[in-house]
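Student: This structure is in structure tokens; I'll ask about it shortly.
The values are calculated or read from the model by the stated rules, or taken from the named source; none is laboratory data. This structure is a prediction, so every number in the text was calculated from the model and none was measured. With ideal geometry, Cβ positions are generated from the backbone for all residues, glycine too; neighbour counts draw on all protein chains shown.
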Amino acid sequence: MFSTTVTFEMEISFEGKRALVTGAGQGIGRETVKKLASCGAKVVALSRTPEHLQSLTVEVPSLETICVDLADWDATRKAIQCVGPIDCLVNNAAVALLESFMEITPANIDRSFNVNVKSVINVSQVVAKSMIDRKLGGAIVNVSSQASQAALADHTVYCGTKGALDMVSKVMALELGPYQIRVNCVNPTVVMTAMGKIGWSKPGKAEPMLKKIPLGRFAEVHEVVDAILFLLSDKAAMINGATLPIDGGFLAC
């Protein structure tokens, strides 16, 4: 008699790769930067808050940083054009300006779409052009939300931006795919970042949402980061144009 042991390796390496992460100062973006660096990538972190970039550099000394407001199209474009070739892009930056439908203001519509949608197009255009010119392909992951596919009270504009982001991503996948550039979305539920813990710690607010999640809990940051890295990696080489829920089954109900 004999026994056979099969070991399935899921180690992911980004050695020799350069990655750009937007919204890198806090939460999902910050942890994505740290995980990419630990997997061998040379990482460029973008944030509009210099203090966040300074503290992140202490944790990741090899980090390159860009401090710019993504809502500024021209300044962003100029900054991205100076960072050099990028193999992996994570469009994570977003704003959530919550208002009831009858109280929505034009300023918040503009700010939300400028950051959550226009900046993704802007940054991705610059990065994708370099990928195309280099003829080496690449991977882009856009951080969307379950709010792209489910109506949430007081989230009219936010839901609208994330729904737009999902479709922008699919068209990007269609048009950039022939250049071997893959584009995918991750669509998390509430995530337990430091800000998420503050916003969703009260039982009265959390319980109605938790009741809609079959797994009965919110997502941890590392669960979103792990999905991002998988989609960026060669392990996901045939995944393109997907929207991946990280929601414990919320969207399945």
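Student: Cβ-Cβ under 9 Å, sequence separation 6+ or interchain: first residue in segment 1-29 and assigned to a loop (DSSP other than H, G, I, E, B) and loosely packed, with under 10 Cβ neighbours inside 10 Å, partner at pLDDT 95 or above and among the basic types (Lys, Arg). Which pairs?
Tutor: As it stands, the answer is Met10/Lys235; Gly16/Lys42, since those pairs meet every condition given.
Student: Can you find even one residue in segment 59-75 that is free of Cβ contacts under 8 Å to residues at least 12 places away in the same chain and under 28 Å from Asp234 (Cα atoms)?
Tutor: Checked against the condition, which is being free of Cβ contacts under 8 Å to residues at least 12 places away in the same chain and under 28 Å from Asp234 (Cα atoms), segment 59-75 yields at least one hit.
Student: Within segment 123-146, how many residues turn out to be crowded, with 22+ Cβ neighbours inside 10 Å and in a helix (DSSP H, G or I)?
Tutor: 5
Student: Continuing with the same structure: Return yes when Ser100 is at negative phi and either surrounded by fewer than 13 Cβ atoms within 10 Å (Cβ to Cβ) or among the aromatic types (Phe, Trp, Tyr) (or both) and no when it is not.
Tutor: So Ser100 fits the description; yes.
Student: A further question on this structure: Could you name every one of the helices (runs of 4 or more DSSP H) located completely within segment 188-238 that has at least 2 residues being surrounded by 12 or more Cβ atoms within 10 Å (Cβ to Cβ), at pLDDT below 95 and not acidic (Asp, Glu)? Show your work before the answer.
Tutor: On the way: elements: 194-199, 203-210, 221-232.
Counting at least 2 such residues, we get 194-199, 203-210.
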